[in-house]
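Structure first, then comments.
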Amino acid sequence: MAFPRAYGQYNNSKILTASPAELTLMLYEGAIKFCNIAIVAVEHKDIEKAHINIQKTEHIIDYFRQTLDMKYPVAEDFERVYSYLSQRLIEANVRKDKEILEEVNGHLHTMRDTWKEVMKKGREQGV
């Protein structure tokens with residue numbers, strides 16, 4: 001079983017060598033992944049798996065909230081969005097509501113795609 005170990009080492013190396021922008025992208029992608037898993041778990045009535053993956057998504061959103069630099073006005077906008085997503089995830093977890101999870105997932109996709117554009121513009125400008 002060398003493959004799983006090698007894959008784990010590759011992922012660890014990828015994280016350790018990533019820029020802050022790349023780490024943010026990875027977090028968005030992780031939140032999307034966990035939200036997708038939770039949606040499927042709700043569909044299959046796997047309550048525990050749904051709960052675990054909704055919580056993982058919540059933890060990522062909480063991390064984004066904790067790392068906002070409030071000296072920038074845009075941080076207040078992100079705080080409102082992250083707060084809303086956190087509230088919706090709590091509702092989704094209590095109700096095991098697929099529609100709420102799909103809504104959150106849509107917002108996460110939009111934010112991830114916007115972040116990709118920010119990264120692209122930064123590279124074009126040499127930032």
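Just the number please: accessible area per residue for the chain, 1.4 Å probe, all protein chains included, in Å².
I get 67 Å² per residue for this part.
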Using the Karplus equation 6.51 cos²θ - 1.76 cosθ + 1.60 (θ = phi - 60°), what ³J(HN,Hα) coupling, rounded to whole Hz, does each residue of region 77-92 give in order, writing x for Gly and Pro? 5, 5, 4, 5, 5, 5, 4, 4, 4, 4, 4, 5, 5, 5, 4, 4
Unsatisfied cross-links (Cα-Cα over 23 Å) in the set Lys33/Lys71; Lys33/Lys116; Lys56/Lys98: Lys33/Lys71
Region 56-94: trypsin sites (Lys or Arg not before Pro) falling in loop per DSSP and having at most 14 other Cβ within 10 Å: Lys71
Across the alpha-carbon set of region 29-104, Rg over Rh with Rh taken as the Kirkwood radius works out to 1.03
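The values are calculated or read from the model by the stated rules, or taken from the named source; none is laboratory data. Quick caveat: nothing in here was measured; it's all calculated off a predicted structure. When we count neighbours, we look across all protein chains shown, and the Cβ atoms used for this are built from the backbone with ideal geometry, even at glycine. Note: accessible area is taken over every heavy atom of the protein model, side chains too, but ligands, DNA and RNA are not part of it. Shrake-Rupley method; radii C 1.70, N 1.55, O 1.52, S 1.80 Å.
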